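In what follows, a structure is listed as structure tokens, so that the remarks can point back to it.
The values are calculated or read from the model by the stated rules, or taken from the named source; none is laboratory data. If you're wondering where the values come from, they're calculated on a predicted model, not measured in any experiment. Positions of Cβ are generated from backbone atoms using ideal geometry, with glycine treated the same way; all protein chains shown enter the neighbour counts. To get the accessible areas, we keep the full protein, side chains included, count just its heavy atoms, and leave off ligands, DNA and RNA. Shrake-Rupley method; radii C 1.70, N 1.55, O 1.52, S 1.80 Å.
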Amino acid sequence: MRLSLVIPVYNEEDTIAACLEHVAAQIRPFDEVLVVDNNCTDATMEIVASFADRLPLKTLTEPTPGVGPARRSGFDAATGDILGRIDADTWLDPQWAGRLVRFFEAEPTADAVSGSLYWYDTPVDERLRRLIRKDACRSLRTGSLPSTVLQGSNMAIRREMWHEAKPHLLDQPGTHEDLDLYGAVVKAEGNVRSLVALTAAQSARRFAGPIGPNIAYARGGIRTYQLHGDGAAARNLRLAFPMNVTFCVIMRVLVGPFDPVTRKWRPFRGHHVVRVSPMEGTRSQ
């Protein structure tokens, strides 16, 4: 079973090297790693090129802004039986690729899967890592569960299901490309699973910036479910919206003054991060 990995990138020079180091450190190597250049203007692609002798690397260019178009180009070009997908700030567990292949071999009715995540650059990241690994060990015994989401920073889909789901994608501004893909897989009558043992870490950097874009991101989930006709999921997110806003405020206070390099947290230090919104066709400052 061949395994491809797709990584969309837009000005990720600060994170892409560490991401690819974790990709290269897999116990079961990837058969193909596709990095999709989504209009980078910094040194991202030069850093990617430096891994050409360590990874089965392919680079693509997608001029249409947005994670969705970049992911689509990567998945369309991938040749693997299984198409993995992460973000440029994702750190994969060394057993990620091997566990993913074994999962799909053991569960032939599963069409897509999402794993578990923790943040690696917060004051509590070590505690989060221990909790996730504990749950992962338990998951190896209990197996996978039905899932109501696909997390773009830690997921995979069978290539056949990608092509069946693709016509159902919304590709609309203000929506989440990963929830859009989940809705498309459901409409294609696919079976989406959650595998806690498929562990990865992700940066909490988006919480260090202004709160407004993160609140808009929360609204994007509601919009995505609404457009896919999943009224129950949209209603649940709407009910949880005040809690999500509170969470964004808490994370801004926690992550904004924290320096992950020195591991020091200083109130009022401030840390404004310019990020691209992961929602379709939008940019955030």
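What number of residues within region 246-258 are in contact (Cβ under 8 Å) with a residue 12 or more places away in the chain and open to solvent by 40 Å² or more (accessible area, probe 1.4 Å)?
Total satisfying the criteria: 3.
Show the residue pairs meeting these rules: Cβ distance below 9 Å; 6+ apart or different chains; first residue within region 214-243 and on the phi > 0 side of the Ramachandran plot; second residue surrounded by fewer than 21 Cβ atoms within 10 Å (Cβ to Cβ) and in a helix (DSSP H, G or I).
Every condition considered, the pairs that remain are Gly229/Lys187.
If you scan region 114-129, which residues turn out to be open to solvent by 20 Å² or more (accessible area, probe 1.4 Å), among the hydroxyl-bearing types (Ser, Thr, Tyr) and touching a Phe, Trp or Tyr at 6+ places or on another chain (Cβ under 9 Å)?
Within region 114-129, just Tyr120 meets the criteria.
Any residue at all in region 27-43 that's at positive phi, in contact with a Phe, Trp or Tyr (Cβ under 9 Å, 6 or more places away or on another chain) and among the polar types (S, T, N, Q)?
Within region 27-43, one or more residues are at positive phi, in contact with a Phe, Trp or Tyr (Cβ under 9 Å, 6 or more places away or on another chain) and among the polar types (S, T, N, Q).
Give region 148-165 a look and list any residue that's assigned to a loop (DSSP other than H, G, I, E, B), in contact with a Ser or Thr (Cβ under 6 Å, 6 or more places away or on another chain) and open to solvent by less than 20 Å² (accessible area, probe 1.4 Å), or say none.
Across region 148-165, the qualifying residues are Leu150, Ser153.
Between residues in region 112-125 that are among the aliphatic types (A, V, I, L, M) and residues that are part of a loop (DSSP other than H, G, I, E, B), which pairs lie under 8 Å by C-beta distance while being six or more apart or on different chains?
What qualifies is Ala112/Leu150; Ala112/Gly190; Ala112/Asn191; Val113/Ser144; Val113/Ser147; Leu117/Gln151; Leu117/Ser153; Leu117/Asn154.
Considering Asp42, Asp31, Asp53, Asp37, which residue is under 22 Å from Asp178 (Cβ atoms), acidic (Asp, Glu) and open to solvent by 10 Å² or more (accessible area, probe 1.4 Å)?
Asp37
Can you find, within region 166-190, the residue that is farthest from Asp76 (Cα to Cα) among those that are open to solvent by 20 Å² or more (accessible area, probe 1.4 Å) and of a type in the set (Asp, Glu)?
Across region 166-190, the extreme among qualifying residues is Glu189.
For region 120-133, check the following and say yes or no: at least one residue is assigned to a helix (DSSP H, G or I) and aromatic (Phe, Trp, Tyr).
Scanning region 120-133, I find no residue that is assigned to a helix (DSSP H, G or I) and aromatic (Phe, Trp, Tyr), so the answer is no.
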